[in-house]
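Below is one structure; the comments refer to it alone.
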Amino acid sequence: MDLTIPYWHPVVVHFPIALLLFGAAAAVVYGVLGRAFWRGVALLAFAAGTVGAWAAVWTGETLEEAVEGEPVVEALVGRHEDLGEWTLWVSAAVLVLLVGTTVWRWRTGRTESDPIALRIAVAILAVAAAVLVAMTGHLGGQMVWGIPG
């Protein structure tokens, strides 16, 4: 059994998919309710999901080298890679907003609900990350399983 880095990609990709989808749901609830609990849930999910997205991009880049040579395959892999990188950057932006808000609230001792504009921004970016990870995963699944779509 070969356990080199490229072969970890199919295992690793499931973590950002699950965590970013769950984190987006928590971020939407946070956006609606403005409660610190839901900000914390979204923060934890996006922290783990962003690390998972980084790992997926990293293992995917090593796997990409193994399939070079076929133009159609390279085009699909390139699109998949672009979507994965966008997922990573958008999820990282959500994480920065959530960490920044949490630290700011902790340092200032604020107890009231977070500003609605901030909550909406977090929710919109979180949903964008969820859409991107879903598109990335869907294309990856199509490449592996050959499912039309």
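Any idea how many residues of segment 25-60 are closer than 20 Å to P115 by Cβ, over 9 Å from the mean Cα position of the chain (by Cα) and not charged (D, E, K, R)?
16
If the requirement is being modelled with pLDDT of 90 or more, buried (at least 17 other Cβ atoms within 10 Å of the Cβ) and among the basic types (K, R), which of these qualifies: R79, R119?
Of R79, R119, the one residue that is modelled with pLDDT of 90 or more, buried (at least 17 other Cβ atoms within 10 Å of the Cβ) and among the basic types (K, R) is R119.
Please give the number of the condition A130 fails out of (1) surrounded by 14 or more Cβ atoms within 10 Å (Cβ to Cβ); (2) more than 17 Å from V28 (Cα to Cα).
Unmet condition: (2).
Looking at segment 5-46, which of its residues are surrounded by fewer than 18 Cβ atoms within 10 Å (Cβ to Cβ), part of a loop (DSSP other than H, G, I, E, B) and out of contact with any Pro (no Cβ under 9 Å at 6 or more places or on another chain)?
Correct list: R35 only.
Report, by residue number, each residue of segment 108-122 that is in contact (Cβ under 8 Å) with a residue 60 or more places away in the chain and either part of a loop (DSSP other than H, G, I, E, B) or farther than 15 Å from G40 by Cα (or both).
Scanning segment 108-122 gives S113, D114, I116, I120.
The values are calculated or read from the model by the stated rules, or taken from the named source; none is laboratory data. What you see is a predicted model; the values in this text were computed from it and never measured. All Cβ positions, glycine included, derive from the backbone under ideal geometry; neighbour counts span all protein chains shown.
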